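Enquirer: Have a look at the structure that comes next, please.
Taken together, the values in this text are just the output of simple stated rules run on the coordinates, not laboratory data. These numbers were taken from a predicted model, which means no experiment stands behind them. Quick reminder, even Gly has a Cβ in these numbers, built from the backbone with ideal geometry, and neighbours come from all protein chains shown.
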Amino acid sequence: DRISELPDPLICRVLYHLPTKDAVRTSVLSTRWRTLWLWVPRLGLNYRVFQKKKMPWLILVTGFFDSDRVRCGVKLRCRFNKGVDYYNSYVTPWIDAAVKRKIQHLDDLIITKWSAYFHGMPLSLYVCETLVSLKLDGVFLRDSEFIYLPSLRILHLISMMNPNEATFERLISSCPVLEELEVDSSLNDDVKVFRVISRSLKRLSVQECMSEVVIDAPRLGFLSIDSSLSGSYMITNTMDTNVKFVIRLGTYFGDFDETSILSNRKRFCNCLSGISKVRDMTILGVGLMVYTMLIPVYITCTYSIMKGYSCLRWLPTILESFPNLKSLTLECDELQLEDMDEINISYVPQCLLSSLEFVDFNVPLSSVVGEMNMVRYILENSAILKKLTLHLHKDCSTNDEMVKKLLKIPRGSTKCEVVFFDWGKK
């Protein structure tokens, strides 16, 4: 056939665009095709997928790791079905073979996810000189006196078990060129503090960490914290102004007693104090309620996106923390109308008077009083506003009486332009 007449590298490019299970199935076509799938530059060895196809998964994977293919820079994804402890005895020999053949990318190594059993980190991974990216899920970080990963740039640790504080700190500090770190759901209550100390780290994402997180990364350009504030975050090395900061808060304070609320506010203040000089900030989630009755932390941020459920009630208090704000995007999918009527319109934050130039009110506007009050508050009090973008509810149109009323609102800035879009379009 014509395809078989093509050179091997070109056939491998064709197989690259197929799911791994289909690429493997081509091995039965002829003797020549038997090993071609091994040379595909990206493979996903998912136990569940191959099990559904009734393929000899164990023989297949063992054959792959025993081949010379691993050394050629393949991007490998390994997923083992939850609860399949039988295959765990093969994991370490497989990984040892990959390290011996100088593997560069081991992504999504998931072992018995959501099982009570966590496979221990193969010690050979701690000293793999060629590894560039490593993404682990459901792995126990075994303690080791010697760790050195001189080429590792990307490290993701999902649902990990950690024996002690020193092991995690040693792992991070032993990656001299690490640029991206993601830590999601540490499951060991005995570890009280996670220390992220790195002189090379550029991107850091921390999600649902129950412990205290101490960050010392002076080259950081992006920081994302996704938390219910059950843990605390301390940034010891003040961030550069060019850092992009994203924080997602998931705590609803109405269900907690006053002591818990005050404790969470204190944690949030400590976190913000370390990023007070950033210019680009995104705040997401119902945890914006943390600002209620909160003493502002002054942040030199000039670009901010705030997303959350019914967050607008606290807008004046929030803006008080951003005296240099130039651009603001507000995003809410739903609004509690009774809260909208409680907006404190008597106080005008400094940024509205001296710096705010662009506002995108990315909320589906209708003709309710609370929404009209918010738009009026921004228009009347923003002294140098250049552009206000409003998004209309699907039941509204630019010819509605509401739009006419909005355009008649007095503007604090003579240069302000009001632009309308349909909700969800721009």
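Enquirer: Once the other residues with Cβ under 15 Å from the Cβ of residue 177 are scored (Lys, Arg +1; Asp, Glu -1), what is the net sum?
Expert: So the surrounding residues net to +2.
Enquirer: Can you bin the stretch 1-40 into rounded, prolate or oblate? Criterion: square roots of the alpha carbon gyration tensor eigenvalues sorted a ≥ b ≥ c, rounded for a/c under 1.5, prolate for a/b above b/c, oblate for the rest.
Expert: oblate
Enquirer: Ratio of the stretch 133-198's C-alpha Rg to 2.2 N^0.38 Å, to two decimals?
Expert: 1.02
Enquirer: Can you give the net charge of the other residues whose Cβ lies under 10 Å from the Cβ of residue 357, counting K and R as +1 and D and E as -1?
Expert: Here the charged neighbours net out to +4.
Enquirer: If neighbour count is taken as other Cβ atoms inside 10 Å, put 377, 233, 16 in order from fewest to most.
Expert: 16, 377, 233
Enquirer: Anything over 28 Å Cα to Cα? Flag those among 21/135; 244/394; 266/387; 21/202; 244/408; 244/387, in the order listed.
Expert: 244/394; 266/387; 21/202; 244/408
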